[in-house]
Amino acid sequence: MPRSHRPLFTAGVTAGACILAVGALASACLDRPLEPIDVRSTSTYKASVDNGTIDKIDILISVDDSKSMADKQAILALAVPQLIESLVNPACLPDDPQSGLTRLTPDSPTAECPENMHREFDPILDIHVGVIASSLGLGETGIETNGKVVPCVDRKAHLLTQDKQQSEVPTYDGRGFLAWDPEARQSPAGDNDLGAFIDKVGALVEGVGQEGCGYEASLESWYRFLVDPAPPAKMDIVDGKAVPVGVDEELLAQRAAFLRPDSLVAVVMLTDENDCSMKAGYGYLTGRTGTGDVLGINDLQPRAICATDPGSPCCATCGAGVPEECGADPSCDTPTGPPDGNLVNLNCFQQKRRLGIDLLQPTDRYVQGLTEAQIPGPDGEPVDNPLFIAEDGTRRPQDRVFLAGIVGVPYQLVARNPANLGEGLMTHEELDEARVYDNIVGDPSAYVDPLDAHMVESPTPRPGLPTASSGTLDPIHGHEHSHGRDGNGDLEYACIFDLPADYQEDCTTADCDCKNPADNPLCRDDQGNYATTQLRAKAYPGLRHIEVLQGLQSQGIVGSICAKQLADPSQADFGYQPAIGALVARLAVKLQPSCLPRRLTPDREGQVACLVLEGRKTSGACSCDGVARSEVGPEQQGALTALSTVVEAKGYDCFCRVDQLEGDALNACQTDLSDEPVTEAGPADGWCYVDAQHGNEALVSHCESNPQIIRVVGAGEPSPDARLFITCAADN
């Protein structure tokens, strides 16, 4: 299928560059390897781009599989069609934003847009979808509590392949994931029936179930599948610490089959509780509640200062080493264990304050995992991040990975307009500018709670919010409750939402939240009575998730697991459509032409000082014959010399110059929005530079602060399996 808006590169255009002649590059300008250069400190930019555009997406759906998740899994399954259909059949947009035309969805991925409209991006015809669960066990095999093995399933972050009846869902070639492949690009070919493909994705999501571990490793699960360079086969306890043993070769094989080095990667994370991803070492104690002969979390007692200043260097577990100036702590002379006692539902809650030690993985681990080319390896030394650097050295651009978190935060706090959720959720930039992060996550590094009381983790009623006895109801979470379920403690809710009758459960026969209704707002009917029918679903503050999403900046999407309404699927505020819509909107920007960070200055003929080379694998049969291709002349040999140091090992042995357009063809490339711009003399084949002053503004309308792109059209598009390399001179 033709590509209308080919993105090539992100160019650096600072002053003082070696200026290129049009269509030529002096060898003195390319005396270094052809690699991306920091645009803030250099005068030229050199990059390689697979086929010039993003034409494949790998979607990993990471689902909480603990109790209370079945209804939310079903709601996510209902949102799956929106995600898939938005990618394979993108909307038509008006050529002129002021025309009065509105966006519309075409009848099919192959349908033409109406006159004076164009696709938001080219349909994505190559999609992988995999589903994993949050259960990674308790950090060791066969953990014991009070002499008993605790059943806490370890699903190892492996791909899941069953539906909710535990029947196998046919996956691509039996590899554990699904493949949308209507053009049969893959061998063997993947799915080409969109309805059946969507149904299978929904079946896998609902098949996750809710029999998993209550200590949800919702961050570590996707990290292990996508990022961990040596995912452990198991954990053993050695000298009182959990130690990774072996490497999970099955997971590595699944990752290698699922994850393509030139894809855009989107992770969708669904969870209603805060993350409890345990560290190696002593992290496994989080899951141990016993005392005595078997060391457990109840044996960890904090020094007194931890209650008021958990960030203090003197805050530690009693018996641990502290600086000499901290002195003795008399409170440690009387063993009491954690302040909240043996309440297993609180084991992951505020560990530094409650235990004097943080047994959970730092959230920076997950931000780095989705943004950095190198990460700490098993021994702490830097290693290549498999998400960004493939075994053959192929690099994924670091802005092609996104995480959407459908987590515990009220939609009222993250929506542009809470009264009309159809206006969408706030982007990172909007959340940051309005200081919403202060309300929903606070400053975890300084142990500062969120400003909004709904997002404060607490096992006791929070000031400023109504209780059951107050006679008032809060529109976000009902009211505070007494946490009596099973005697294991509980945290107050961040938000709750009404369940349709089909999702409501009788907790006298089902293991759900209204078995002991007490004063639980999930169990309160319209007359104010509390009964054993669960009428609503809940979520707890997802603080660690939001901290990661904030750290990812524009690559993170904050969504609420508390649906506004589940009655009318046709409305934009139904279920998790707002969160999925926010993800699609962010992906749509990346699927459009890359926006250059600075404007280039065309010459009198409208051309810019850039060189574009196409590298191909030909086994020695190199030829640059054909449309929009030229032989590389002597003046470009410096580019090839530098280029060879980068691509020699990857088998590229043929390089041709892609022609920059001129005259009427240049004008057509800059103004004609069709897939294949034409002139009176014929098709426009090659590439051009476009900005708001040099071309149709609609071509750069997706660029906010940097409205300029490079566009490749017609026969200028790279041949299959080729790679485009580009170098531009800088100017002012």
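The values are calculated or read from the model by the stated rules, or taken from the named source; none is laboratory data. Just so we're clear, the structure is a prediction, and the values are computed from it rather than from any experiment. Methodologically, a virtual Cβ is constructed for each residue, glycine included, from the backbone with ideal geometry; neighbour enumeration extends over all protein chains shown. The area values use the complete protein model at the heavy-atom level, side chains included, leaving out ligands, DNA and RNA. Shrake-Rupley method; radii C 1.70, N 1.55, O 1.52, S 1.80 Å.
What to note about this one:
- Residues in region 513-533 that are over 21 Å from residue 475 (Cβ atoms), open to solvent by 50 Å² or more (accessible area, probe 1.4 Å), part of a loop (DSSP other than H, G, I, E, B) and not aliphatic (A, V, I, L, M): 515, 516.
- Within region 332-357, residues that are assigned to a helix (DSSP H, G or I) reach no partner that is among the hydroxyl-bearing types (Ser, Thr, Tyr) and open to solvent by less than 10 Å² (accessible area, probe 1.4 Å) with beta carbons closer than 6 Å at six or more positions or on different chains.
- Top-ranked residue in region 672-684 [being at pLDDT 90 or above and open to solvent by less than 40 Å² (accessible area, probe 1.4 Å); ranked as nearest to the chain's Cα centre (by Cα)]: 677
- Check on residue 160, part of a loop (DSSP other than H, G, I, E, B), aliphatic (A, V, I, L, M) and within 30 Å of residue 137 (Cα to Cα): yes
- Of all residue pairs spaced 6 or more apart or on separate chains, those with beta-carbon atoms under 6 Å, a first member in region 699-726 that is over 18 Å from residue 688 (Cβ atoms) and a second member that is basic (Lys, Arg) and surrounded by fewer than 23 Cβ atoms within 10 Å (Cβ to Cβ) are 722/616.
- Subset of region 534-558 [part of a helix (DSSP H, G or I) and charged (D, E, K, R)]: 544, 547
Rundown of residues vs (1) surrounded by 15 or more Cβ atoms within 10 Å (Cβ to Cβ); (2) within 26 Å of residue 547 (Cβ to Cβ), yes/no style:
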| site | (1), (2) |
| --- | --- |
| 421 | yes, yes |
| 424 | yes, yes |
| 437 | yes, yes |
| 444 | yes, yes |
| 459 | yes, yes |
| 465 | yes, yes |
| 468 | yes, no |
| 471 | no, no |
| 477 | yes, yes |
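- Positions within region 377-391 being hydrophobic (A, V, I, L, M, F, W, C) and either in contact (Cβ under 8 Å) with a residue 40 or more places away in the chain or open to solvent by 40 Å² or more (accessible area, probe 1.4 Å) (or both), in sequence order: 383, 387, 390
- Once region 283-298 is narrowed to residues that are out of contact with any strand residue (DSSP E or B) (no Cβ under 6 Å at 6 or more places or on another chain) and buried (at least 20 other Cβ atoms within 10 Å of the Cβ), the residue that is modelled with the highest pLDDT is 283.
- Candidate set from region 577-610 (those that are among the basic types (Lys, Arg) and either in a loop (DSSP other than H, G, I, E, B) or modelled with pLDDT under 90 (or both)); member that is farthest from the chain's Cα centre (by Cα): 604
- Exactly one residue among 690, 700 is of a type in the set (Val, Ile, Thr) and at pLDDT below 90, and that residue is 700.
- Residues that are part of a loop (DSSP other than H, G, I, E, B) and either in contact with a Cys (Cβ under 9 Å, 6 or more places away or on another chain) or at pLDDT 95 or above (or both) were ranked within region 132-149; the one that is farthest from residue 238 (Cα to Cα) is 134.
- Scope region 580-591; condition open to solvent by less than 20 Å² (accessible area, probe 1.4 Å) and more than 10 Å from residue 83 (Cα to Cα); matching residues: 587, 588, 591
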